[in-house]
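What follows is a set of notes on a single structure, which appears directly below.
The numbers here are math on the coordinates, done by the rules we state, and not lab data. Remember, it's a predicted structure, so these values are computed and weren't measured experimentally. No Cβ is skipped: glycine too gets one built from the backbone with ideal geometry, and neighbour counts run over all protein chains shown.
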Amino acid sequence: MLDKPLAGMKTSGRNPRIQRHTRPSPDSRPSKKVARYRDAIARHIEEHWGEPSRLFHDTISEYVRVHIHVVEATKERPYHTLITSGMSDRPMRTPKEVKEYRFAELVISLPPTWPLDGKGWKHERHWWPFQWLRQIARLPHEFNTFLFYGHTVPNGDPAKPFAPGTKLCCMLLSSPVLCGEEADTLAIDKKTQIHFYSPIPIYREEMDFALSRGSVELLERLENAGVTELWDLQRTNVCKGGRTKAARLTSRPKHAK
């Protein structure tokens, strides 16, 4: 589900911002150019986020193979950072006016206490961020569509919480801020640029707000509350009464390059 209609596609329901995808693309074959930009992405990751300590390979061959590079937490950057590669093996079906955004990858950050090994992943509450990164990365190729800044992707219809212990149930695509300003775009050549988006978990009330008022207003509220790509599963709901927490981040951190 996206927060605005896609070019050349019909919307369903009463809200014209909602687009439901029910039929996967008939071409589920993986891209013939597997990991076509992985080396360039790896260099970009090392330059802007740090050297990855591990790479989780994707063995599923439908549409694209989405690998996850993990830059572990350090004293200077006290959070784990996860960046995909492989989503950009295929261009997304973007409208002509945003054709330059047809290649994309994803980046999120997790608290330093988040388990990064198989033992911790026996519990779904630890594994689901990795699963969702791959799910979002495959979505535009699976349904022959595109993802863009401000789009929302719910966990089902109706949306359900991602995991036990949290009421967050939808993803909102934003831009990474825990890095340098140049990190969100990787220029491969004059015609090819890879854009990095950060899926941010949001609450049902926040999703409804985005669908009724627009994602730009929601993104402004989240920014004012200090919400970034560093996931906080217990953060304040910015669309459910009361005052939001004091901003934790109002500008790029000093350690960003």
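Residues whose amide H comes within less than 5 Å of that of His80, counting only those at least five positions distant or on another chain, are Ala73, Leu110 (H built at 1.01 Å from N in the peptide plane). Beta-bridge orientation, the range 38-224: approximately 85 percent antiparallel, per DSSP, counting only bridges with both partners inside.
Here's the list of aspartates and glutamates a cross-link from Lys167 could span, going by alpha-carbon distance under 17 Å and ignoring same-chain residues fewer than 8 apart: Glu124, Asp157, Glu205, Glu206, Asp208, Asp232.
Cα gyration tensor of the range 33-72, axes a ≥ b ≥ c as square roots of the eigenvalues: rounded (a/c below 1.5), prolate (a/b > b/c) or oblate? Because a/c hits 1.5 or more and a/b fails to exceed b/c, the range 33-72 counts as oblate. Summarised in one figure, the compactness ratio Rg/Rh of the range 119-222, Cα atoms and Kirkwood Rh, is 0.99. In plain terms, the chain from Arg221 to Ala40 could stretch by 61.7 nm, reckoned as 0.36 nm per residue minus the Cα-Cα distance.
Using the Cβ-Cβ distance between Glu47 and Lys191 with R0 = 22 Å, the FRET efficiency computed as 1/(1 + (r/R0)^6) comes to roughly 0.50. Under the shape rule built on the C-alpha gyration tensor, where the axes satisfy a ≥ b ≥ c, the range 38-224 is rounded, since a/c falls short of 1.5.
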